[in-house]
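Single-structure report; data block below.
The values are calculated or read from the model by the stated rules, or taken from the named source; none is laboratory data. Note that the coordinates shown come from a computational prediction; the quantities given were computed from them, not determined experimentally. Reconstructed Cβ throughout: ideal geometry from the backbone, glycine too, with neighbour counts over all protein chains shown. Areas reflect the complete protein model, heavy atoms only, side chains present, ligands, DNA and RNA absent. Shrake-Rupley method; radii C 1.70, N 1.55, O 1.52, S 1.80 Å.
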Amino acid sequence: MEKNDKNLFLKRLIISDASFLTLREKLLLESYCSDSADVNLEKLSLSDISVIIGRALSRCSWNPEKSSDKAKNAMRLISLLSIGCVHYEDDDYPAMLREMRDPPYMIFYRGNLCALNKKCVSVVGTRRATGDGLRSAREFSKAAAEDDWCVVSGLAFGIDSAAHSGALSAQNGLGATCAVLPGGIDEIAPRSNTPLARKIISCGGVILSEYVPGTPCAAFRFVQRNRIVAALSPFVIVVQAPCGSGAMITAELALDYNREVFFHKSSLSPESDKLSEVSARILKNLVAQGRKVEYKLNNCPEKFIEDGAAVIGNFADFKTVISQGAVAKKETELPLLFSEKING
């Protein structure tokens with residue numbers, strides 16, 4: 001890497017880590033630093049950045065020296081671990097992410113980013129999945145991979161891991177799957193899924209993150225990660241998800257991005273109902289304690305299905321619905337194929 005390229009890359013890593021900036025603001029800052037040769041990004045104050053982007057940032061935290069040190073460490077990790085990087089303006093930036101509100105400025109990945117050029121379907125669900133839920137996620141994802149789809153999920157315990165494992169078990173050896181991480185790509189979360197992450201890479205899949213290498217996992221980053229999972233595919237399949245859960249947040253985000261949301265019939269099983277009852281009880285207790293979480297009680301599979309989300313039993317059902325253009329909309333009847341389960 002030539003000196004000028006290295007300097008630009010360092011600037012981009014510093015800018016990428018400025019989480020208080022929107023994509024538009026990051027691009028503005030990058031352009032300003034590129035157009036003014038005498039500007040040193042590492043010396044810019046918060047007030048300087050506020051002037052450049054046209055928005056007051058008085059409440060944000062910014063330590064340019066610390067950010068520079070982190071960026072230099074990220075460069076070391078990128079070289080050491082052969083981490084790939086794509087910038088928003090690069091040709092190989094995942095096209096589906098451009099449809100988001102405020103897409104990532106950079107994506108960091110390991111493995112084959114071209115796996116996302118296949119047809120993609122996101123499979124999500126609870127970490128506390130039942131045996132039926134895990135089996136459903138594996139079977140759906142295996143069938144999808146054997147039909148040359150890329151299965152996208154979040155590498156968490158439960159449904160996510162089952163989805164990745166199912167895709168990797170595809171008999172034809174295609175088995176492409178994409179795992180999106182809630183922290184820097186240099187550290188797999190959860191750590192015990194490191195062997196699964198390695199297998200994803202070795203089998204032609206990809207793991208990716210919007211966070212600069214060296215960024216630790218944090219609770220809020222799991223929700224941020226979910227928006228990437230929702231955006232990467234035109235379809236999101238919820239296998240099992242109690243009300244207010246991260247998977248249901250992903251479903252909400254998917255609708256926000258004009259994606260189509262499906263629910264696997266295992267999300268309506270008696271075992272899933274028990275998971276939802278426990279979750280609802282916890283949420284109601286929090287409401288009684290004055291916590292403002294009432295909205296989570298309405299974010300449940302039943303509400304989505306009432307509003308017209310389709311219920312499927314397997315990958316073949318999913319293919320039937322999308323091939324017929326029969327994805328149910330609000331206040332319309334569900335396809336007859338799926339009505340029996342809903343009507344009881």
Here the residues within region 181-220 that are touching a strand residue (DSSP E or B) at 6+ places or on another chain (Cβ under 9 Å) and in a helix (DSSP H, G or I) are ASN193, LEU196, ALA197, ILE200, ILE201, SER202
In region 46-62, anything at negative phi and modelled with pLDDT of 90 or more is listed as LEU46, SER47, ASP48, ILE49, SER50, VAL51, ILE52, ILE53, ARG55, ALA56, LEU57, TRP62
Exception for CYS178 within (1) in a loop (DSSP other than H, G, I, E, B); (2) within 22 Å of SER136 (Cβ to Cβ); (3) open to solvent by less than 20 Å² (accessible area, probe 1.4 Å) falls at (1)
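Return the residues of region 238-256 that are within 13 Å of the chain's Cα centre (by Cα) and either in a loop (DSSP other than H, G, I, E, B) or buried (at least 24 other Cβ atoms within 10 Å of the Cβ) (or both); say none if nothing qualifies.
Initially, region 238-256 is screened for residues within 13 Å of the chain's Cα centre (by Cα), giving 246-254.
Those that are within 13 Å of the chain's Cα centre (by Cα) and either in a loop (DSSP other than H, G, I, E, B) or buried (at least 24 other Cβ atoms within 10 Å of the Cβ) (or both): ALA247, MET248, THR250, ALA251, ALA254.
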Residues in region 207-234 that are in contact with a Phe, Trp or Tyr (Cβ under 8 Å, 6 or more places away or on another chain) and over 25 Å from SER245 (Cα atoms) total 2
All conditions in (1) surrounded by fewer than 19 Cβ atoms within 10 Å (Cβ to Cβ); (2) in contact (Cβ under 8 Å) with a residue 40 or more places away in the chain; (3) closer than 23 Å to ILE228 by Cα are true of LEU10 except (3)
Taking region 171-191 and the residues there that are at pLDDT 95 or above and among the small types (Gly, Ala, Ser), the one that is farthest from ALA129 (Cα to Cα) would be GLY184
Of the residues in region 14-28, those that are closer than 10 Å to TYR105 by Cβ, among the hydrophobic types (A, V, I, L, M, F, W, C) and assigned to a helix (DSSP H, G or I) come to ILE15, LEU23, LEU27
Review point. Scanning for something of a type in the set (Phe, Trp, Tyr), under 20 Å from GLU210 (Cβ atoms) and touching a Phe, Trp or Tyr at 6+ places or on another chain (Cβ under 8 Å), does region 140-150 turn up at least one residue?
Key: no
For helices (runs of 4 or more DSSP H) lying entirely in region 52-169, having 3 or more residues that are more than 22 Å from LEU41 (Cβ to Cβ) and open to solvent by less than 50 Å² (accessible area, probe 1.4 Å) picks out 131-146, 159-168
Apart from one, (1) open to solvent by 70 Å² or more (accessible area, probe 1.4 Å); (2) not in a helix (DSSP H, G or I) all hold for TYR32; the odd one out is (2)
Of those in region 181-195 that are among the charged types (D, E, K, R) and without any contact (Cβ under 8 Å) to a residue 40 or more places away in the chain, the residue surrounded by the most Cβ atoms within 10 Å (Cβ to Cβ) is GLU187
Just one listed residue, out of SER165, SER153, SER169, is polar (S, T, N, Q) and either farther than 22 Å from LEU113 by Cα or within 17 Å of the chain's Cα centre (by Cα) (or both), and it is SER153
